[in-house]
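Laboratory data are not the source of any read-out in this text; all were calculated from the coordinates shown. The structure displayed is predicted, hence computed values, not measured ones. Because the Cβ atoms are built from the backbone with ideal geometry, glycine has one as well, and the counts that use them run over all protein chains shown.
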Amino acid sequence: MRVFLTRATGFIGSAIVQELIGAGHQVLGLARSDATAKSLAAAGAEAHRGALDDLDSLRRGAAASDGVIHTAFVHDFSDYAAAGETDRLAVEALGSALVESGRPLVITSGTAVLTPGRLGTEDDAPDPSSAAVPRIASEEVVLALASQGVRASVVRLPASVHGDGDHGFVPALIGIAREKGVSAYVGEGLNRWSAVHRLNAAHLFRLALEKGSAGARFHGVADEGVPVRDIAEVIGRRLNVPFVAKSPEEAADHFGWLAHFLVIDNPTSSTRTQEELGWRPNQPALIPDLDRAHYFET
């Protein structure tokens, strides 16, 4: 299968490239620069010049492929609504090239769209009051495309997609702990983040592409819920700094933009995903992975 992949050189996308090539697929990666195109070629993929906001380039890439995996997203938390709108338009453009073809389109969403405080499942629709409201519109587009002859599905990823090269929330917490001299959590720190290793996430995207049904939601979750306090404890021990509690009132000053995400309680199940696709996460869980030197090398 020739697969068009957005953000093919990203933390997750680069792992998907290797996963797809290893399974015998060809990869056409979206490239907005010569450097990206060169990186794709070195990885064994073909470059397709364009950008996430160049909708015509997305349509052409999808039309030239047997299936599409969409992992690109503008992670601008200062204007998250605009980032969500860019994503919605991109999903619409990709899907428009696949209508009535039966070809697969797999997009990325987040488990944060679910109602907090209880175990979320694949059957759960997004909660309009969730922390990831801007991404809900893209899930709605997928449902519409599924009724238009596109084998469209959603992979929801957790707060922590970890592994070598991680530059997400956990490294941000490590950076704050280094800067402030303490590793902190909010309140009792018992709120939970779900998590998955990037290699397991990459494998799930391939399975969703190959076997996912139209309109399906899949959860790329290995750890159903890791207490944030446990994450802070490992960071404190590794950096040899105290790990302390911050009140909700202190959180914004201490954590900055990350404060909003640090208090999310987002336990999530992947039971149905594992049963339906035969997906079996086999890489290290978050805490053992975090408790290695690679997260703390400078």
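For the reader, a short list of remarks on this structure follows.
- Each Cα pair under 8 Å and six or more residues apart adds its separation to the average, and for the chain the resulting relative contact order is 18 percent.
- Seen against the Cα atoms of the chain and their longest principal axis, helix 228-239 is set at about 70 degrees.
- Residue among G168, G67, G220 with the largest mean-square fluctuation in a Gaussian network model of the chain, springs linking Cα atoms under 10 Å: G168
- Dipole magnitude of the chain, debye to nearest 20 (Cβ charges: Lys/Arg +1, Asp/Glu -1, about Cα centre): 660 debye
- Highest-MSF residue in the chain out of D87, D79, D53 [GNM, Cα springs under 10 Å]: D79
- Computed over segment 185-298, relative contact order equals 44 percent, with contacts defined as Cα pairs under 8 Å that lie 6+ residues apart.
- At R0 = 30 Å, FRET efficiency that the Cβ-Cβ distance of V244 and T298 yields, to 0.05: 0.85
- Alpha-carbon centroid distance for the pair segment 155-199 / segment 1-71, whole angstrom: 27 Å
- Charge dipole (the chain, unit charges on Cβ, about Cα centre) - positive-most of T271, G220, P281: P281
- Of the GluC sites (Glu not before Pro) found in segment 148-212, those in coil by DSSP whose Cβ has at most 13 other Cβ atoms within 10 Å are E188.
- The chain - mean residue ellipticity at 222 nm from DSSP helices (-39,500 (n - 2.57) per run, n ≥ 4, rounded to 500): -12000 deg cm²/dmol
- Whichever aspartates and glutamates have a C-alpha closer than 16 Å to that of K38, once near sequence neighbours (fewer than 8 apart) are set aside: E46
- Proximal lysines to K180, defined as alpha-carbon separation beneath 26 angstrom and excluding residues fewer than eight positions away on the same chain: K246
- Spin-label pair D265/H75, simplified geometry with 7 Å Cα→Cβ offset, distance in nm: 2.6 nm
- Full extension of the chain segment joining V99 with M1 gains 33.5 nm, where the gain is 0.36 nm per residue of separation less the Cα-Cα distance.
- Taking the chain as a Gaussian network of alpha-carbon nodes connected by springs under 10 Å, the highest mean-square fluctuation of the residues T111, T268, T71 belongs to T71.
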